[in-house]
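Working notes, structure below.
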Amino acid sequence: MNNADIAHAFEELADLLELRGENAFRIRAYRGGAKAILELTEPVADILADPSRELTSFAGIGATLAEKCAVMVAQNCLPQLDELRAKTPPVLLKMTRIPGLGAKKAALLVQELGIESLEELRQACQEGRVQKLKGFAAKTEQQILAGLEIAEAASQRLRIDQGESLVFRLRSHLQACTSIEQLEFAGSFRRGRETVGDIDVLVVSQNANEVMDRLESFPGRVSTTLRGDTKMSIRVDDQFQVDLRVVPAESFGAALQYFTGSKEHNVAIRGRARKLGLTVNEYGVARLDAPEEYIAGRTEEELYAALGLQWIAPELREGRHEIEWAEQGAAPHRLVELGDIVSDLHMHTTATDGGNTLEEMVAAARSRGLLYIAITDHSKRVSMARGLDETRLLAQWQQIDAFNARQSDGFRVLKGIECDILESGPMDLPNEVLAEADWVIASVHYGQKQSRVQITDRILGALRNPHVDIIAHPTGRLLGARPAYDVDLQAVFEAAAEQGKALELNASPRRLDLSEENLLAAVKHGIPIAINTDAHSIEGLDVMRYGVQQGRRAGLEPQQVINTWSLETLLQWLEHE
DNA sequence: GCCGTTTTCGGCCCGACTGTTTTCAGTCG
């Protein structure tokens, strides 16, 4: 089992233990362990095999988890997990997807009524058998019936761009409410996760009722699942959840911090507060001996400062090492920002499957403040996109040379190509042609179902080609649509580092490839990252912001990102690479 | 199950809302 498998096993173990009503801290320990394993930059098996090293030296992995890792590496399975799976009715997990139904109530339903499927649960509700149980009544039964539809709609996560468009709609709707003094979207959206599970809206207002009424009239609302004095939840299209919280102005920073999360980050923050004799909630920071008197909370900076910490960028708040960093003033000095980006090194034109001409793409890039770009149309293997053969490519490059010669402001178009790595291994275009390019991207588009060894060998072969500068979308995943191909990224990272090549962070919200975890690992290998839009039209250039945010989540500083470099720096790097 | 500058046992973040309760447990974020 590899690290991802082990982490996944611990996650599943935590889920199952939770369903069984186990100790919450034990469950947290398994989740923490899963996270720690995912962050390792080398295989667990290698660490176990090295007698001079201990898995327990990593925070979050104790004797028990280390032992279980050893079992999984040796036996390729975890007997305890198999046992737990066998004795946990599969319907339990499905039932907890029903809002308001947690582990305890679900277990009671299974135990008392012998429920084995969501359909049986529906029948039991319709026949009034649920409300006869202790702790249940007519209202709960109705809630379960209504919730069944939500569980079945599977209220999946939205991609960040889909979440963003919902945020725009909510913002413009809520802005009409005059009693709103401040409005911020928090949660995983603010942290810039690649997908969001719900939208969290934080509002400062003297009149919470008016704000809630306004949200109630949101055109996309299908139901209101909860409404109290300061807190409200609605369901919008496809049962997606939106949470609203109204707080006083003096608590805005504390509430924003709390509402932004992540859960793990908040647990760590509050644990740290306790060690300092303080307590933190969404209203502010207070001393443990005077919990009513808030000493900080108007802004996030104030809250973090009260805990002796630098402000932490939302993208880093995942309960990893960000608190240690902030404590030691060792956070990434400055995370990359959209304003740092001066180039885009992967885009297409009408020569292949793009929607705009070279001139139009350049004009759009210029207007977005870029100083240079690379035109990288497809190579001939991508016949559906009318990929370029040698002749057409050389003609395009002549066109680019002529275009560059006409520019007086120093804007430069690099002669590039997104060259396929053929199923059989070699590059789609001959080396003599690639040698003439300024910038060569190598991509896997075909044969994505090949074996791990085959795909890895293809990519390693491309990295060894002296003309290849970078591998695009290194895992080929499409969020929610297509899984990554089976590739040994560890080997890819090592080869890229050794050959001095770059890797792409494809900024398209459908890809965001490399993923955050893989990006973290790549950066630890010292590999330069290019954040590219892979634009197929002028509008496609605007996805850069998603890529930048993903990069920030991995702690990328500007100098680690090729697109922040001046053209001279890039050209120098290309020569020595 | 993890962890340690009040340490190897006894803590472990905190509050809102709901339903079924006569004071609180369960759920959620």
Next item on the list: Just name the residue that is modelled with the lowest pLDDT out of those in the stretch A:183-208 that are closer than 25 Å to A:E322 by Cβ, part of a strand (DSSP E or B) and open to solvent by 20 Å² or more (accessible area, probe 1.4 Å).
Entry: A:T195
Note to self: Tell me whether the stretch A:330-338 contains one or more residues that are surrounded by fewer than 21 Cβ atoms within 10 Å (Cβ to Cβ) and basic (K, R).
What the structure shows: yes
Checklist line | Set A:A496, A:A521, A:A491: member being surrounded by fewer than 17 Cβ atoms within 10 Å (Cβ to Cβ), assigned to a helix (DSSP H, G or I) and in contact with a helix residue (DSSP H, G or I) (Cβ under 7 Å, 6 or more places away or on another chain) | finding: A:A491
Note to self: Anything in the stretch A:1-16 that is surrounded by 17 or more Cβ atoms within 10 Å (Cβ to Cβ) and in a helix (DSSP H, G or I)? List them, or say none.
What the structure shows: A:N3, A:I6, A:A7, A:A9, A:F10, A:E11, A:E12, A:L13, A:A14, A:D15, A:L16
Next item on the list: Report, by residue number, each residue of the stretch A:20-34 that is free of Cβ contacts under 8 Å to residues at least 12 places away in the same chain and either more than 9 Å from DNA strand B (Cβ to nearest atom) or in a loop (DSSP other than H, G, I, E, B) (or both).
Entry: A:E22, A:N23
Check: Which ones in the stretch A:83-113 are part of a helix (DSSP H, G or I), open to solvent by 20 Å² or more (accessible area, probe 1.4 Å) and within 15 Å of DNA strand B (Cβ to nearest atom)?
Finding: A:E83, A:L93, A:K94, A:A103, A:K104, A:K105, A:A107, A:L108, A:V110, A:Q111, A:E112, A:L113
Next item on the list: Scan the stretch A:302-326 for residues that are touching a residue at least 40 places away in the same chain (Cβ under 8 Å) and among the charged types (D, E, K, R) and jot them down.
Entry: A:E302, A:E315, A:R317, A:E318, A:R320, A:E322
Next item on the list: Could you please find all residues in the stretch A:69-110 being basic (K, R), farther than 19 Å from A:Q123 by Cα and touching a residue at least 24 places away in the same chain (Cβ under 8 Å)?
Entry: A:R85, A:K104
Next item on the list: Answer yes or no as to whether A:A151 is more than 25 Å from A:G547 (Cα to Cα) and crowded, with 17+ Cβ neighbours inside 10 Å.
Entry: yes
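Residue-by-condition table, conditions (1) assigned to a helix (DSSP H, G or I); (2) surrounded by 14 or more Cβ atoms within 10 Å (Cβ to Cβ); (3) in contact (Cβ under 8 Å) with a residue 12 or more places away in the chain:
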residue	(1), (2), (3)
A:E18	yes, yes, yes
A:A36	yes, yes, yes
A:E42	no, no, yes
A:A45	yes, yes, yes
A:R53	no, no, no
Check: Can you tell me which residue in the stretch A:42-59 is farthest from A:V73 (Cα to Cα), limited to those that are at pLDDT below 90, more than 13 Å from DNA strand B (Cβ to nearest atom) and within 28 Å of the chain's Cα centre (by Cα)?
Finding: A:E42
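The values are calculated or read from the model by the stated rules, or taken from the named source; none is laboratory data. Please read all numbers here as calculations on a predicted model, not as lab measurements. So basically every Cβ, Gly included, is an ideal-geometry build from the backbone, and we count neighbours across all protein chains shown. To get the accessible areas, we keep the full protein, side chains included, count just its heavy atoms, and leave off ligands, DNA and RNA. Shrake-Rupley method; radii C 1.70, N 1.55, O 1.52, S 1.80 Å.
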